[in-house]
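Beneath this line is the structure, given in structure tokens, with notes to follow.
Quick note: the coordinates plus some simple rules give every number you see, no bench work behind them. In this text, all values refer to a predicted model and were calculated from it rather than measured experimentally. Glycine gets a Cβ as well: all are built from the backbone with ideal geometry, and neighbour counts include every protein chain shown.
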Amino acid sequence: MRRISLAVFVLIVPFTLSAQTTIFFEDFEGTGDEVYISDTNGLTGAPQWDYQNSIAGEGRLRMNAGVGFARSGTKAATMDRVPGGAFQINYLILNLDMSVYSASNPIYLSFFYMHHSEESHPNDSVWVRGSSADPWVGLYDLYANRATEGTYKNVTGQDISSALGGAGQSFSSTFQIRFGQEDNYPATSTTPTDG
């Protein structure tokens, strides 16, 4: 019965001994007030991102869910469902050309996320895969590691390279990161709801 606001910003960083270089940064401030309720490739203002849901018209991604949802600025990617009752699954998928890297390059993911009294479901997680043809590899359990409802958690240094290498995968031109959310109610506020 609970929901999650995911990925207020995503930072993908290769760490070296002497410097830190940002490969990709997203804070969703380039988006408008879009609401997505069906599968969409290339979000408005954030074209590297796709949205998928398990029940068209019932799963939902909002780029501006209201006051208190954004960590800074005015935008955040909030996944929940439209008012209803059946459980559904939402995915926010980042597509990047990472073909110049290999799994031996140390690449890390950092992001902020907030849950709105989310309950445990298999799709409240983050996955990666080296290419769009590879199986998804678990990277981070959003539910097990959540902060207090309505509070953003800063997740840093999730080792993408090790996850891919351990699964026999490597980076490619169709590398993807998937943020998932599963539940059965809308996020009507930052705390006593789903999303």
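Here are the numbers for this structure:
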| item | result |
| --- | --- |
| For the stretch 21-99: rounded, prolate or oblate by the Cα gyration tensor [a/c cutoff 1.5] | oblate |
| Per-pair calculated FRET efficiency, R0 = 25 Å: SER110 and THR44 via Cβ, rounded to 0.05 | 0.50 |
| Cβ-Cβ FRET estimate between THR74 and THR174, R0 fixed at 30 Å, reported to 0.05 | 0.45 |
| Spin-label model distance (nm) - THR191 vs SER54, 7 Å beyond Cα toward Cβ | 2.9 |
| From phi via Karplus (6.51, -1.76, 1.60), per-residue ³J(HN,Hα) for the stretch 170-182 in Hz, x at Gly/Pro | 9, 5, 8, 6, 10, 4, 9, 10, 10, 9, x, 8, 9 |
| J(HN,Hα) series, the stretch 81-92, from Karplus relation 6.51 cos²θ - 1.76 cosθ + 1.60, nearest Hz, glycine and proline x | 10, 5, x, x, x, 6, 5, 9, 10, 10, 10, 10 |
| Relative contact order (percent, whole number), the stretch 69-195, Cα cutoff 8 Å, 6+ residue spacing | 42 |
| Model label zone, ALA86; criterion: amide N under 19 Å from point 7 Å along Cα-to-beta-carbon; scope the stretch 37-72 | 37-40, 52-61 |
